[in-house]
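These notes are about the structure you will find just below.
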Amino acid sequence: MKTPLVAAALLAFVGLGSSRPNHVARVAPTPCEQLTSLKLENTVVTSVERVTRGTFNVPASTDSVTRLPAFCRVVGELRPTTDSHIAFELWLPLDTWNGKFAGVGNGGWAGNISYSALGDQLRRGYATVSTNTGHVAEPDLDMAKFAFGHPERLADFGWRSVHEMTEKGKAITAAHYGRPARYAYWIGCSTGGKQGLTEAQRFPSDYDGIVAVAPANNWARLMAGDLAPQRDVATNAASVLTPAHGRLVNSAVLKACDARDGVVDSLIENPGKCVFDPSSLQCAAGAQADSTCLTAPQVEMVRRMYAGVKDPSGRVIYPGLAPGSEPFWGALINPARLFPIPQSYYRWIVIGDSTWDWKSLDLSTPAGYAVQREAEAKYDPVLAAVNPNLRDFKAHGGKLIQLHGWDDQLISPHNSINYYESVIAFEASAAKDRAAAAREVQGFFRLFMVPGMLHCGGGPGPTSYDALAALESWVERGVAPDSILTARMVRGAPVRTRPLCPYPKVATYSGAGDFNRAENFSCRAQ
Ligand SMILES: [Ca+2]
C-alpha cells in the first residue's frame, strides 16, 4: 500500500502554509473507499461512503439536505489532546469539484455538524468540511456543560477544532483528488463568524478568503450584553416589553428615522445616525398604561436595549441593539422564553455550579462586574477573537468580508463596527494617519452592514446576497467588492434590490427613479 505514504507527503506539502501553491503537486488520486486508510496525525477516518445525488438524510434527525450532487462522505474524529473528541465530516464532490475547499461554521455553542451549510457549498462544487467543535450539543442551560472540568474541550470549541478540521480536511481533499485545492474559503455566521475571525487571527494561512457574518467574536462581553437585559426583565416585571410595545416603539423609530436616508421604505439605511428618544412614547401622567404608550420603567428598558451593558462606572462594555430592531427583541427579552446561551456560559464555565441562579449576577454592581472581569481575563484567550492584528492574514493574501444585519436581535451590530475600527486603529498606530490606515485595511478587509437584516439572515430588508461570490472575485481575480447586490425575494422573485456598501459608506438614493431598484443607489460616505 503506497497510499499512506502519498498522503503523508501531501500533508507535509499542504502543511507548508500556503493553500495556493505555485506548483500543483499531482499524485495518484485516492478513491473514496480507500480514504479510511489515510494516516493523518491525531486523526481517525471512521467511515467513508459514496452518496448518490439527491437528498441526504441527516443522521439521528428528521432533517434532510436536498438537491445535492453525488459526493464522497468522509466521517472522522480529530484527537489533538487526550480529552479531544472532535467529530468532522468532509464532503467531496465525486463529479462536480470546482478545485476548491470550503470550511463552514457553527452556531451558538455548536455541538453539531453543520449539514445544511455543507450542502450549500457542495452544490457550488466545493470540497467542504464541518466539525461539531468537539462535543455533542445539549439543550438549554446545559449547552456549555461540556466544558465543565474539561478545559481542553473548551479550547477545542474556542479555537482548535476549526484549525484541525481545516488542516486535515485539506489533506484528505488533496489525497482524494490527487492535488491540493486551489483556494480555501471560510463561511460562517455568529459563532461561525467568530470562527472565521479566529482563523484570520491565529491561523492566517488556513484560508484565502473568509466570510464572517455577525461574529460572536467579543465572546465574554457578548455574554454580558445578552445576559443583562434578560436579567432586567426577569427581575423587574415592570420593565417587560410586550410584542405590541416592540411594534409601538418601532413605528415611532421609523417615523423619526426612515425618511432620513431620502427614501420612505420602512428601512433605515444607517441606524447609527438615527436619533430617537423613547420618552416621546411615555404614557401621560394618570393615563392607563397599555400598548399605545410606555411606562417609565419601559422607557428605561428601551434605553438600555439601545445603550448596551455598562460597568459600574457607566462605561459601555458591550454595545446595544440598533434602532429598527425593536420588533425582534422578544428573542432576547421575552421572560417566558429566555435565551440560554449566556446563562449556560456563566453557569458552567464562569461560576461552575449547576445550582447557581443566573439572575443573581448583576453586572452593574462592583461585585458582579468583578466576576465579569475575572471571566474575561480567564476565557477571552480561549474564546474571543478580538485581536486587531491581521497583518499575517493580509501578508498571506487573505481577503475578509464581514457582514452584520442592522436589525440583529442577538449580537449588537455595533460590535462589528467596533472590531473593524479596531483593525484600522491598529494599523494607524504604526505611525500612519487614520485615512491611510483605513485605505490599507480596505485593501483586504471590508465590512458590509445590512439594513433590515436579523441575526444571520432574514428580516424586513433586502437580505438575499451572495457574499461568497464577491469574495471569490476578490481572491481569485483581484476585484475588490465596492458593493454587493442584495435583494428582497418574494416567491422566488426580487421585489427590491439594493447595494450593500463597504462601511462607512451607505447606500444613497440618487433622488430619482424606482427606489426598489439598486441602480438608483450608490455607495457614499455620510
Ligand atoms: Ca428609509
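Rule-based calculations on the coordinates, nothing more; no lab input. Just so we're clear, the structure is a prediction, and the values are computed from it rather than from any experiment. No Cβ is skipped: glycine too gets one built from the backbone with ideal geometry, and neighbour counts run over all protein chains shown.
Structure values in brief
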item	result
Listed peptides 238-244, 318-324 by packing density, highest first (mean Cβ within 10 Å)	318-324, 238-244
Potential lengthening between Ala307 and Thr36 on full extension [0.36 nm per residue; Cα-Cα distance subtracted]	92.2 nm
Cα-based Rg / Dmax (Å) for the stretch 1-182	16.0, 50
Charge context of Pro494, other residues only, Cβ under 14 angstrom, K/R +1, D/E -1	+2
Proxy reagent accessibility, fewest Cβ within 10 Å first, across Glu326, Glu167	Glu167, Glu326
Stokes-Einstein D for the chain, Kirkwood Rh over Cα pairs, 37 °C, 0.692 mPa s (µm²/s)	135 µm²/s
Note, ³J(HN,Hα) from phi for the stretch 92-109, Karplus 6.51, -1.76, 1.60, rounded to Hz, x at Gly and Pro	10, x, 7, 10, 10, 5, 8, x, 10, 10, 9, x, 10, x, 10, x, x, 8
Phi-based couplings in Hz for the stretch 392-400 (Karplus 6.51, -1.76, 1.60; Gly and Pro marked x)	5, 5, 5, 5, 5, x, x, 10, 10
Proximal lysines relative to Lys310, as straight alpha-carbon distance under 26 Å, when same-chain residues fewer than 8 apart are discounted	Lys194, Lys273, Lys359, Lys378
Rounded D (µm²/s) - the stretch 403-494, Kirkwood Rh over Cα pairs, Stokes-Einstein at 4 °C, 1.567 mPa s	89 µm²/s
Highest average packing first - 411-418, 381-388, 30-37, Cβ atoms within 10 Å	411-418, 381-388, 30-37
Extended-chain gain in nm, criterion 0.36 nm per residue less alpha-carbon gap, Thr62 and Ser251	64.1 nm
Largest-first ellipsoid semi-axes for the stretch 315-452, taking √(5λ) over the Cα gyration tensor eigenvalues, angstrom	32, 20, 13
Dipole in debye (nearest 20) - the chain, about Cα centre, beta carbon charges: Lys, Arg +1; Asp, Glu -1	1160 debye
Estimated [θ] at 222 nm from DSSP helical runs (n ≥ 4, -39500 (n - 2.57)) normalised by residues in the chain, nearest 500	-9500 deg cm²/dmol
In degrees, nearest ten, helix 219-235 long axis to first principal axis of the chain (Cα)	40 degrees
Relative exposure of His176, His150, judged by other C-beta atoms within 10 Å (fewest first)	His150, His176
Separation in nanometres of the label points that stand 7 Å from Cα toward Cβ, at Arg439 and Ser522	2.0 nm
Pair Ala244, Asp140: separation of 7 Å Cα→Cβ label points (nm)	2.8 nm
Given charges at Cβ of Lys, Arg, Asp, Glu: the chain dipole, positive-most of Pro80, Trp329, Val441	Val441
Label-point separation, Ser279 to Ala493 (7 Å along Cα→Cβ), nm	4.9 nm
Least to most buried among Ser473, Ser313, Ser510 (fewest other Cβ within 10 Å first)	Ser313, Ser510, Ser473
Low-density loop positions, trypsin sites (Lys or Arg not before Pro), the stretch 439-494 - DSSP coil, at most 15 other Cβ in 10 Å	Arg491
Calculated from backbone phi, Karplus (6.51, -1.76, 1.60) coupling profile of the stretch 304-313 in Hz, x at Gly/Pro	5, 4, 6, 7, x, 8, 10, 7, x, 8
